[in-house]
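Working notes, beginning with the structure itself.
The values are calculated or read from the model by the stated rules, or taken from the named source; none is laboratory data. Small disclaimer: the values here were computed from a predicted structure and weren't measured. As a convention, Cβ positions derive from the backbone with ideal geometry for all residues, glycine included, and neighbour counts pool all protein chains shown.
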Amino acid sequence: MVVDLKELNKIVKQKLSKISWIEPGTPAVLLLPDSRVFHASALFPSSLKGDELRKAVLERTQKEIPLPFANAQVALSQGEKKGDKLRTTVYAVEKKVLSGFRQMFEATSLFVTTAEANSQSTYRCIQKYCGSELKASLNSSDAVMIADLGSHWLNVSVYTSSGACLYTRSIPYKQFVRSKNLSTKLSQEIVDRIPGFVQEIVLHFMQEGLSIQHVLFSGVEAWDERLLSKTSTEEKQISFMRVGDVLKIDALEPKDIHTFGVSIGAGLRAAAPLAQNNQHNLLS
């Protein structure tokens, strides 16, 4: 769904004006749709530093990212070390897209410190509030998949345990169905198609030598129990779960955690920005 940024700007300002606790300079994190953020990840010699590293990374990843870096805001982040190499991920967003989102907050009292992909914030929330057993399993896995289901789009992201994004893909639900008349709820046809789509991605990573053992569903539409039942039945070797079912936050119900997990993840970074310095920031 394409949203008019001018209309969205009005809505944001109206909503913020009704929140009494926001003071001038309150830090905030801008979450960008994953469909607008390009990325590429690879292993580079850990001996590369500073400008030398940046030059090598950008030269290689520009071949994989269709957006010319001259027209993009680019950020780098580093993840796990393998032998004498370090995983470096490039994130890029079109400058005019980023500018359009930033303008929504120019006339507000918020101080936007960070801009990041939506799924990065969701994964931060998962890592912070999942139980010790699940955290140990996630940390020992090659990768974890986050499948976010909004009102019109399915976004699938794959992250390493250290938080490096290996893959992301956004698909409108209309590509899953024959009918042109979509309701705001997941149709049975969409529910039936998602397991096969997930399996394609899992198989792709298996061919690359990486196993995905956990798939976490997030987003408003992913609370639908039919989805969890369908995927768990068809893919028994993969653990499927809803974010709200496996995270624990005092005073919040599972469905609230599930719905607002991405916002909670953004709040964690806004409250303690230095703790996430290794993660990408498209404003830096």
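I'd like the residue in the stretch 40-57 that is surrounded by 16 or more Cβ atoms within 10 Å (Cβ to Cβ) and in a helix (DSSP H, G or I) and, out of all such residues, is farthest from the chain's Cα centre (by Cα).
Leu53
Return the residues of the stretch 68-85 that are in a loop (DSSP other than H, G, I, E, B) and either within 30 Å of Asn139 (Cβ to Cβ) or of a type in the set (Asp, Glu) (or both); say none if nothing qualifies. Before you say what the answer is, go through the steps one by one.
Quick first cut of the stretch 68-85, residues in a loop (DSSP other than H, G, I, E, B) only: 68, 83-84.
Gly83, Asp84, listed by residue number.
Residues that are at pLDDT 90 or above, closer than 18 Å to Asn155 by Cβ and assigned to a helix (DSSP H, G or I): does the stretch 205-219 have at least one?
Checked against the condition, which is being at pLDDT 90 or above, closer than 18 Å to Asn155 by Cβ and assigned to a helix (DSSP H, G or I), the stretch 205-219 yields at least one hit.
In the stretch 220-258, how many residues are assigned to a helix (DSSP H, G or I) and either touching a residue at least 40 places away in the same chain (Cβ under 8 Å) or under 12 Å from Pro195 (Cα atoms) (or both)? Steps first, answer last, please.
Residues of the stretch 220-258 that are assigned to a helix (DSSP H, G or I), as a first pass: 220-223, 225-234, 243-246, 254-258.
Still in the running and either touching a residue at least 40 places away in the same chain (Cβ under 8 Å) or under 12 Å from Pro195 (Cα atoms) (or both): 220-222, 226-234, 243, 246, 257-258.
Residues meeting the conditions: 16.
Going by the structure shown, is Leu154 under 29 Å from Ile190 (Cβ atoms), outside any helix (DSSP H, G or I) and not hydroxyl-bearing (Ser, Thr, Tyr)? Talk me through it step by step, then tell me what you get.
Working: under 29 Å from Ile190 (Cβ atoms): yes; outside any helix (DSSP H, G or I): yes; not hydroxyl-bearing (Ser, Thr, Tyr): yes.
The answer is yes for Leu154.
Please count how many residues of the stretch 86-112 are of a type in the set (S, T, N, Q), under 23 Å from Leu166 (Cβ atoms) and part of a helix (DSSP H, G or I).
Initial filter on the stretch 86-112 (of a type in the set (S, T, N, Q)): 88-89, 99, 103, 108-109.
Narrowing further to those that are under 23 Å from Leu166 (Cβ atoms): 88-89.
Still in the running and part of a helix (DSSP H, G or I): none.
Adding up the residues that qualify gives 0.
Give the stretch 58-67 a look and list any residue that's assigned to a helix (DSSP H, G or I) and free of Cβ contacts under 8 Å to residues at least 12 places away in the same chain, or say none. Can you show your working first?
Residues of the stretch 58-67 that are assigned to a helix (DSSP H, G or I), as a first pass: 58-61.
The answer is Glu59, and nothing else.
Keeping to the stretch 11-39, report how many residues are surrounded by fewer than 11 Cβ atoms within 10 Å (Cβ to Cβ) and touching a Pro at 6+ places or on another chain (Cβ under 8 Å).
The qualifying residues number 0.
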